[in-house]
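Input: a single structure, listed below in C-alpha cells.
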Amino acid sequence: MEKAVELDNQYPATHRDAMCIPTYESMGLRAPSANFSKFSPVTYLCGNSLGCMPRATREAVNSELDAWADRAVESHFRHRGEPQGLTSWVDIDLPLSNLLPSVVGGLESEVAVMGSLTANLNALLVAFYRPNSQKFKIICEKGAFPSDFYAFLNQCAIHGVDPEEALVRLEPREGETYLRTDDIIKAISENSEQLALVCLPGIQYYTGQLFDMKKITLYAHQFEDVVVGWDLAHAVGNVPLQLHDWGVDFACWCSYKYLNAGPGGIAGIFVHEKHAQVASHTQEGYMPRLAGWWGNNRERRFQMKEVFEPISGALGFRQSNPSVIDVVALRSSLEVIKDFGGIEALRERSLLLTGYLLKLLQNSPFYHESLTATPQSKPGFTIITPLDEDERGAQLSLLFSPHHDDPKLDTMEQVFKYLNERGVIVDERRPDVIRIAPAPLYNTFQDVFRTVDLLNKALQHV
Ligand SMILES: Cc1ncc(COP(=O)(O)O)c(C=O)c1O
C-alpha cells in the first residue's frame, strides 16, 4: 500500500473532487472495516461502463430546469442565463464545438453531438454504406458489440444482400484472445475488390484491445471506394484520437463511459470534411442521409421551406433538436476534462494507473500467462487484454477459471460478489470475465491496489 500512496502523491488525481464518487452508504453497502466510514467512497473502477457524475452537472442541469420553469418556450431564443454565459436552447450544443473536437482529433466542422450511439451508427450506415453488385462487403468483428452486429445485419436486409456473403466477421486466431492487426490488413486486402466498408471498434468492449486505427484506415483507403468507420464507445475520452488526420470517413460514440455525460447521455458523430460540403440536397455530390430540420441551414430552419440545405459538416447530419439536459451534462464533464489538461494528460495518467494495475495482477499468485497455463482445478485468472500499452486503453479484462454453471461455485461470480460486497465496483461479463477500468480523471493508485488486494483475497476464499 505504501507504494500506492507514494504514487498518489507523485501523480495526484487532481480532479477527483470534481466528481461524485458513490459512497458505501449511497451504494447501500456496509463499510468493510474500521478504516472506512459509511461516507467513504467506494472503489469505483467501472468508468468503462458508466462514468461518475461531475459535481458541476447538477447545477448545469438545474439551470436548464429553471430556464424551462421560468421562460418555457422562450428559452429557445432568450435564455434567462444568457447574461451569465448560458446558451439559448436553439444553439445549446454549439459550445461543445470548442470542447469535443480536440477529444477526437477532428475539425470543429467534423463533429456533432446528437442522438444515441446505435441510432447514430444506423444513420451513418445509411449515408455511408451504398452496396452495389460489385462492392457490398463489410469487414467487422465476430465478437462485435451486439448492437453493432444487429445494425450491420439489418443493413444487409435493407439492401437485399446476403449477410453470409457480405459480412466478413474477423475473429482472433485459435488460442488467441484478440485480433492481430496483420490479420485485419490481410482480410482487407483479400476482400478489397468487393469491399464497401470497414467498421470496427476503436477499443473492443470485451477484451479492451485498442485497434491500430491509423494503420487500418490508411491501408483500407488504398483501395477504391472503401469507407472506414469506427465505433468509439470505449475509445472516446480514453485514448487520444486523430480522426481527421487519419482520414477516417465516419465515427460515432456514446458519452456515458469515459466522457461522464450520464446514463444514455447524448452521443456524438464525426464525419470527415471531405464528405459534407455540399450546400443543398439538389446539388451534385450531396450525400443522402437520414435528414431532419436540425441539420438544415440555421438561418432558414424556422422558415419551414421544402428545401433541405444541410449545414456543411457533421452538423448537417443532425436530425432533431437535442435534449438540452443531456447536452449540458456532457458540457460540464468536457469542461472538467479540459481543465485536467485534455485527453493527452488523461492518457498519460491512464498509462500509469493501468500499468500499475497490470503489474500488481501479474504479481498475483493466481495469475497465469495464458489460458493453457491455467490449471483446470485451481482458481485463477489470465488477462485477455493486450499487455502492450500501445494496444490497450484504461481497461484490463480478466478471464477466470474454472467455470461452473452454478454461480455459487463459479470462480468469476464468487470473485465478483466478494469484491462488490466490499465496495469494489467492477464489471462482470458472464460467464467468466471481469473488466477493470481505472479512470484517470478520478481513480487513484490506492483504488488499484485495494482492488488487486481484494481480488487475491477473493481467490483465496474461493
Ligand atoms: C461498443 C459499443 N457499441 C454500441 C453500444 C450500444 O450503445 P447505445 O445503447 O448507447 O446505443 C455500446 C454500449 O455500451 C458499446 O459498448
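The values are calculated or read from the model by the stated rules, or taken from the named source; none is laboratory data. Worth saying up front: this structure is predicted, and the values here are computed from it rather than measured. All Cβ positions, glycine included, derive from the backbone under ideal geometry; neighbour counts span all protein chains shown. Side chains are part of the model used for accessible areas, which takes the heavy atoms of the whole protein and leaves out ligands, DNA and RNA. Shrake-Rupley method; radii C 1.70, N 1.55, O 1.52, S 1.80 Å.
Filter the trypsin sites (Lys or Arg not before Pro) in region 215-307 down to the DSSP loop ones having no more than 16 other Cβ atoms within 10 Å, then list what survives.
Values: sites: Lys215, Lys257, Lys274, Arg289, Arg298, Arg300, Arg301, Lys305; in loops: Lys257, Arg289, Arg298, Arg300, Lys305.
Taking region 215-307 and a limit of 16 other Cβ atoms within 10 Å, the loop trypsin sites (Lys or Arg not before Pro) found are Arg298, Arg300, Lys305.
Using only Cα atoms and rounding to the nearest 10 degrees, what angle (0 to 90) does helix 146-159 make with the longest principal axis of the chain?
30
Write down the radius of gyration of the chain and its Dmax, each obtained from C-alpha positions, in Å.
Here Rg and the maximum Cα pair distance are 23.3, 71 Å.
May I ask for the angle, rounded to the nearest 10°, between helix 117-128 and the longest principal axis of the chain, with both axes built from Cα atoms and the value confined to 0 to 90°?
40
Per DSSP H run of at least 4 residues, take -39500 (n - 2.57); add these up for the chain, divide by its residues and hand me the 222 nm value, nearest 500 deg cm²/dmol. Each step should come with its number before you reach the end.
On the way: 13 runs with 149 residues, N = 462.
After summing the helix terms and dividing by the residues of the chain, the value is -10000 deg cm²/dmol.
Roughly speaking, what is the stretch gain from Asn132 to Glu174, that is 0.36 nm per residue apart minus the C-alpha to C-alpha distance, in nm to one decimal? Mind showing how you got there, number by number?
Working: separation 42, 0.36 × 42 = 15.12 nm, distance 3.34 nm.
Gain in length upon complete extension: 11.8 nm.
Taking 0.36 nm per residue of sequence separation and subtracting the Cα-Cα distance, how much length would be gained by fully extending the chain between Glu306 and Ser37, in nm to one decimal? Working shown, then result.
Numbers: separation 269, 0.36 × 269 = 96.84 nm, distance 6.27 nm.
That works out to 90.6 nm of additional length.
Over region 185-314, with every protein chain in place, what whole percent of the accessible area is carbon and sulfur at 1.4 Å, could you tell me? Mind dumping the intermediate values first?
Numbers: 2500 of 5130 Å².
C and S atoms contribute 49 percent here.
Sketch the reach of a paramagnetic label on Arg30 as a point 7 Å from Cα along Cα-to-Cβ, and name the residues of region 403-427 whose backbone nitrogen lies under 18 Å away.
417-424
With a 1.4 Å probe and every protein chain kept in, tell me what percent of the accessible surface of region 101-175 is carbon plus sulfur.
Values: 1760 of 3420 Å².
It is 52 percent, rounded to a whole number.
Considering only protein heavy atoms, what per residue accessible area in square angstrom results for the chain with a 1.4 angstrom probe? Write out the running numbers ahead of the final one.
Numbers: 20560 Å² over 462 residues.
With all protein chains present, the chain gives 45 Å² per residue.
Relative contact order of region 220-354: what whole-number percent is it, with Cα pairs under 8 angstrom and at least 6 residues apart? Display every interim value, and only then the final one.
Values: 195 pairs, mean separation 30.8, N = 135.
Relative contact order of region 220-354: 23 percent.
Which of the trypsin sites (Lys or Arg not before Pro) found in region 82-158 are loop residues per DSSP with 13 or fewer other Cβ atoms within 10 Å of their Cβ? Please list the in-between numbers first.
On the way: sites: Lys135, Lys137, Lys142; in loops: Lys135, Lys142.
Sites meeting the loop and neighbour criteria: Lys142.
In cubic angstrom, how much convex hull volume per residue do the alpha carbon atoms of region 310-450 span? Present the calculation step by step, with values, prior to reporting the outcome.
Values: hull volume 26.1 nm³, N = 141.
In region 310-450, the Cα convex hull volume per residue is 185 Å³.
Ordering Tyr442, Tyr150, Tyr219 by how much accessible area each has at a 1.4 Å probe, largest first, what is the list?
Listed by decreasing accessible area, they come as Tyr150, Tyr219, Tyr442.
Let me know the charge dipole size of the chain about its Cα centre in debye, to the nearest 20, where only the beta-carbon of Lys, Arg (+1) and Asp, Glu (-1) is charged.
Working: 42 positive and 58 negative charges, 173 e Å.
Taking the Cα centre of the chain as origin, the dipole is about 820 debye.
Whenever you get a sec, line up Trp230, Trp246 from highest to lowest accessible area (probe 1.4 Å, protein heavy atoms).
Largest accessible area first, the residues go Trp246, Trp230.
If you take the beta carbon distance between Thr282 and Glu224 as r and set R0 to 25 Å, what does 1/(1 + (r/R0)^6) give as a FRET efficiency, to the nearest 0.05? Please list the in-between numbers first.
Details: r = 27 Å, r/R0 = 1.07.
After rounding, the FRET efficiency stands at 0.40.
Within the chain, what percent of beta bridges assigned by DSSP are antiparallel, to the nearest 5? Don't jump to the answer; show the numbers that get you there.
On the way: 24 of 43 bridges.
Just about 55 percent of them are antiparallel.
Hey, if we sort Met1, Met213 by accessible area with the 1.4 Å probe, largest down, what's the order? Don't skip to the answer; put the middle values down first.
Working: Met1 90, Met213 5 Å².
Highest to lowest solvent-accessible surface, that is Met1, Met213.
Where in region 98-198 are there GluC sites (Glu not before Pro) that are in a DSSP coil and have at most 10 other Cβ atoms within 10 angstrom of their Cβ? Mind showing how you got there, number by number?
Numbers: sites: Glu108, Glu110, Glu141, Glu164, Glu165, Glu174, Glu176, Glu190, Glu193; in loops: Glu174, Glu176.
Here the sparse-neighbourhood loop sites are Glu174.
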